[in-house]
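Enquirer: The following block contains the structure, expressed as structure tokens.
The values are calculated or read from the model by the stated rules, or taken from the named source; none is laboratory data. Note that the structure is predicted; figures quoted are calculated from it, not measured. Positions of Cβ are backbone-derived with ideal geometry, glycine not excepted, and every protein chain shown enters the neighbour counts.
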Amino acid sequence: MWSSFRVAVTIQMLVLASALFAANPTTAQMEAFAPGTFTIDRFPVDCGINVTVLNPQLRDAGRNDLQGHVYLNPTIVRGLPTSVKFFIYAHECGHSAVGPDEAAADCWAIQAGKQEGWFTPQNFSALLQYFANNPQGWTHGPDRARLRRMATCFAAAR
């Protein structure tokens, strides 16, 4: 019993270590969370088998390396409304399902949020307003076409 436990713990530690070294900053600046252990504003969130890594040196709010790691920049996301944080995280998780396509990851996140109940019409409107007014200079910052696609996805989601 203890032998299999040690193997499982060792594997988990190796996965976390690989996540820490994947983005190259010093490990003292990053914090990794095993799959299923991350929270956003005290709400548990799950990104499948992905390790979530907080990396304050990330040049964007979030990133998915498509190799089992979702990165968030805590400095950027810290002051954002919870629904925006959920969207960013779900968008990055969506890349694991749909690949590198940004529009598809947006739609995946919106559909997940609507199905799981954290995107209501009110907070989705607030999300669109936030992105329209606060581009933040992110890698895939909002433009009118992106906002229209997001609204279309929300309307079509069940």
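Enquirer: Look through Arg59, Arg6 and report the one residue that is of a type in the set (D, E, K, R), out of contact with any helix residue (DSSP H, G or I) (no Cβ under 9 Å at 6 or more places or on another chain) and either at pLDDT 90 or above or closer than 30 Å to Lys114 by Cα (or both).
Expert: Arg59
Enquirer: Now, a different point. For Val53, all conditions in the list (1) in a helix (DSSP H, G or I); (2) touching a His at 6+ places or on another chain (Cβ under 8 Å); (3) crowded, with 20+ Cβ neighbours inside 10 Å hold save one; what is the number of the exception?
Expert: (1)
Enquirer: If I filter the range 81-89 for residues that are among the aliphatic types (A, V, I, L, M), outside any helix (DSSP H, G or I), out of contact with any Pro (no Cβ under 8 Å at 6 or more places or on another chain) and in contact (Cβ under 8 Å) with a residue 12 or more places away in the chain, do I get at least one hit?
Expert: No, the range 81-89 contains no residue that is among the aliphatic types (A, V, I, L, M), outside any helix (DSSP H, G or I), out of contact with any Pro (no Cβ under 8 Å at 6 or more places or on another chain) and in contact (Cβ under 8 Å) with a residue 12 or more places away in the chain.
Enquirer: Looking at the range 115-125, is at least one residue in contact with a Ser or Thr (Cβ under 8 Å, 6 or more places away or on another chain), closer than 26 Å to Glu31 by Cβ and either among the small types (Gly, Ala, Ser) or not in a loop (DSSP other than H, G, I, E, B) (or both)?
Expert: no
Enquirer: Can you say whether Gln57 is farther than 28 Å from Ala156 by Cα and polar (S, T, N, Q), as far as the supplied structure shows?
Expert: Yes, satisfied.
Enquirer: Output the number of the condition that Leu80 fails; it satisfies all remaining conditions of (1) of a type in the set (A, V, I, L, M); (2) crowded, with 22+ Cβ neighbours inside 10 Å; (3) at pLDDT below 95.
Expert: For Leu80, the exception is condition (2).
Enquirer: Take the conditions surrounded by 14 or more Cβ atoms within 10 Å (Cβ to Cβ) and at pLDDT 95 or above and apply them to Ala90. Does it pass?
Expert: Here the answer is yes, as Ala90 does meet what is asked.
Enquirer: Enumerate the pairs (first residue in the range 143-158 and under 20 Å from Thr120 (Cβ atoms); second residue anywhere and polar (S, T, N, Q) and surrounded by 12 or more Cβ atoms within 10 Å (Cβ to Cβ)) with beta-carbon separation below 7 Å, excluding pairs fewer than 6 apart on the same chain, so at least 6 apart or on different chains.
Expert: Cys153/Gln111; Ala157/Gln111
Enquirer: What about Ala155, is it out of contact with any helix residue (DSSP H, G or I) (no Cβ under 9 Å at 6 or more places or on another chain), part of a helix (DSSP H, G or I) and of a type in the set (Gly, Ala, Ser)?
Expert: Yes, satisfied.
Enquirer: What pairs come out if I take residues in the range 39-52 that are closer than 16 Å to Gly113 by Cβ and pair them with residues that are part of a strand (DSSP E or B) whose C-beta lies under 7 Å away, six or more apart or interchain?
Expert: Going by the 7 Å Cβ cut-off, the qualifying pairs are Val45/Thr39; Cys47/Val70.
Enquirer: Kindly indicate whether Asp65 is within 24 Å of Lys114 (Cα to Cα) and at pLDDT 95 or above.
Expert: Criteria not met by Asp65.
Enquirer: State which residue pairs qualify: first residue free of Cβ contacts under 8 Å to residues at least 60 places away in the same chain and inside the range 101-112, second residue in a helix (DSSP H, G or I) and of a type in the set (Lys, Arg) in any location, beta carbons under 9 Å apart, and separation of 6 or more residues or different chains.
Expert: Between residues of the range 101-112 that are free of Cβ contacts under 8 Å to residues at least 60 places away in the same chain and residues that are in a helix (DSSP H, G or I) and of a type in the set (Lys, Arg), the close pairs are Glu102/Arg146; Ala103/Arg146; Ala103/Arg149; Asp106/Arg146; Asp106/Arg149; Cys107/Arg149.
Enquirer: Checking Gln67 against (1) exposed (fewer than 13 other Cβ atoms within 10 Å of the Cβ); (2) closer than 22 Å to Asp41 by Cβ, which single condition isn't satisfied?
Expert: So the condition that Gln67 fails would be (2).
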